[in-house]
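Novice: Below you'll find the structure I mean.
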Amino acid sequence: MNLPVTALAATDSDRTLVAIPARWGSTRFPGKPLHLIAGKPLVQHVWERCQQCRNVDEVIIATDDARIAEAAASFGAKCALTAPDHPSGTDRIAEAARAFPDHRVIINVQGDEPLISPALIDELATVLVNEPQVRMITAAAPVLDPAHITDPNIVKVVFDTHGDSLYFSRSPLPFIRDASAGARHYRHLGIYGFQRGFLFQFVAWPPSRLERAEALEQLRALENGVRLRVVLTDEISPGVDTPEQAAAVERQLASAVL
């Protein structure tokens, strides 16, 4: 469907929208959202986890492809068909959110995390509802594997005593010169929440210098003077970027049933 253009300003409503971006043309895994895992499309697993949330009013799938929209309809999901040329999932959910002008809080749940924690989504939503001064929120977990500290595919984050982000990097962060200082490493988890008005401000800004250097979209907020609230969790859900990772998730789901 073509989304209507509505007001982009913030609303006084406390309603929360979860938007799951799902595009067909992944370079590493074309058609990934419809890849079957334990008999269901990948994106259906994500949608079903979001349906378990208690503090969310609406869950939609935002996609650029009619095949994904048709599949979503088959398992009862509401779907927004968006433009095909969005540079990121954040831009895609911003377009979709225009059709829900009474939802103040928008949560971006990645479409390739079939084991995402509903409790974590609820926690992010609750913070944004109760603390409207928090404009953007994300999550992090302690790094348990020392090899992840130097792995550029594992994004690290540091935050202040209030839980607001200071920086995100693919490099080791922080560099721990004095182990007795008690500093720890935390890995960033790719879930984001926004106040409605700030979401549209964020996508209107051009990609920033550090964002382009590190290929980390969240640095755009920091470079424009906006810190992200960082919610800590021990629940790390595996993403699916390859067929091999999809098979690993299927084995994990099977073992949970046994």
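Values quoted throughout were computed directly from the atomic coordinates according to the rules given, and no laboratory measurement underlies them. Quantities reported herein were computed from a predicted structural model and do not represent experimental measurements. Virtual Cβ from ideal backbone geometry, glycine too; neighbours counted across all protein chains shown.
Novice: Restricted to Cα positions, what overall size does segment 77-207 have along the principal axes? Three whole-Å values, descending.
Specialist: Largest to smallest, the principal-axis extents are 51, 32, 32 Å.
Novice: Would you mind listing how long segment 15-237 runs along its three principal axes, going by Cα atoms, in whole Å with the largest first?
Specialist: Principal extents (Cα only, largest first): 56, 36, 34 Å.
Novice: From the backbone phi of segment 37-47, what are the Karplus-calculated ³J(HN,Hα) couplings (6.51 cos²θ - 1.76 cosθ + 1.60, θ = phi - 60°) in whole Hz, Gly and Pro given as x?
Specialist: After applying 6.51 cos²θ - 1.76 cosθ + 1.60, I find 10, 6, x, 10, x, 3, 5, 5, 4, 5, 4 Hz.
Novice: Report the full-extension gain for the segment ALA183 to THR126: residue separation times 0.36 nm, less the Cα-Cα distance, to one decimal in nm.
Specialist: 17.7 nm
Novice: Okay, moving on. Using the Karplus curve 6.51 cos²θ - 1.76 cosθ + 1.60 with θ = phi - 60°, what ³J(HN,Hα) values do you get for each residue of segment 227-234, in whole Hz, with x for Gly and Pro?
Specialist: Once rounded to whole Hz, the list reads 8, 9, 6, 10, 8, 8, 8, 9.
Novice: Take each of the peptides 205-214, 171-180, average the number of other beta-carbon atoms within 10 Å over its residues, and list them starting from the highest.
Specialist: 205-214, 171-180
Novice: Still on this structure, please answer the following. Starting with the highest mean, order 75-86, 121-132 by the number of other Cβ atoms within 10 Å, averaged over the residues of each peptide.
Specialist: Taking the mean over residues of other Cβ atoms within 10 Å, the ranking is 121-132, 75-86.
Novice: How far apart, in nm, are the 7 Å Cα→Cβ label points at TRP205 and ALA119?
Specialist: According to this spin-label approximation, the distance is 3.3 nm.
Novice: Short version: ³J(HN,Hα) in whole Hz for each residue of segment 163-175, in order, from phi by Karplus 6.51 cos²θ - 1.76 cosθ + 1.60 (θ = phi - 60°), x for Gly and Pro, what are they?
Specialist: Karplus-based 3J(HN,Hα) across segment 163-175 equals x, 9, 5, 9, 6, 10, 7, 7, 7, x, 8, x, 7 Hz.
Novice: Using a 10 Å cut-off on Cβ atoms, rank the peptides 151-158, 190-197 from the highest mean neighbour count down.
Specialist: In decreasing order of mean packing, 151-158, 190-197 become 190-197, 151-158.
Novice: Please list, ordered by chain and number, the residues whose modelled amide H lies under 5 Å from the amide H of VAL59; skip anything fewer than 5 residues away on the same chain.
Specialist: Residues meeting the amide H criterion: VAL18.
Novice: Right, another one. I want the local charge near PRO243. Using Cβ-Cβ distances under 11 Å, sum +1 for each Lys or Arg and -1 for each Asp or Glu among the other residues.
Specialist: Charge balance in the 11 Å sphere: -1.
Novice: Show the residues, 5+ positions off or on another chain, whose built amide H is closer than 5 Å to the amide H of TYR167.
Specialist: It is VAL158, by chain and number.
Novice: Here's another thing I want to ask about it. Which of VAL231, LEU115, HIS148 sits closest to the plus end of the dipole of the chain, meaning its Cα is farthest towards the positive end, when Lys and Arg get +1 and Asp and Glu get -1 on the C-beta?
Specialist: Among VAL231, LEU115, HIS148, the one farthest towards the positive end of the dipole of the chain is HIS148.
Novice: Please list, in chain and number order, the residues 5+ apart from ALA139 or on another chain whose amide H is under 5 Å from its amide H, with Hs placed from the backbone.
Specialist: LEU189, ILE191, VAL231
Novice: If you don't mind, there's one more thing I want to ask. For the chain, give the magnitude of the charge dipole about the Cα centre (Cβ charges: +1 Lys/Arg, -1 Asp/Glu; no others), in debye to the nearest 20.
Specialist: Rounded to the nearest 20 debye, it is 240 debye.
Novice: Same structure, new question: Which whole-number percentage describes the relative contact order of segment 15-237, with Cα contacts under 8 Å and a sequence gap of 6 or more?
Specialist: Taking the mean separation of contacting Cα pairs over the length of segment 15-237, I get 22 percent.
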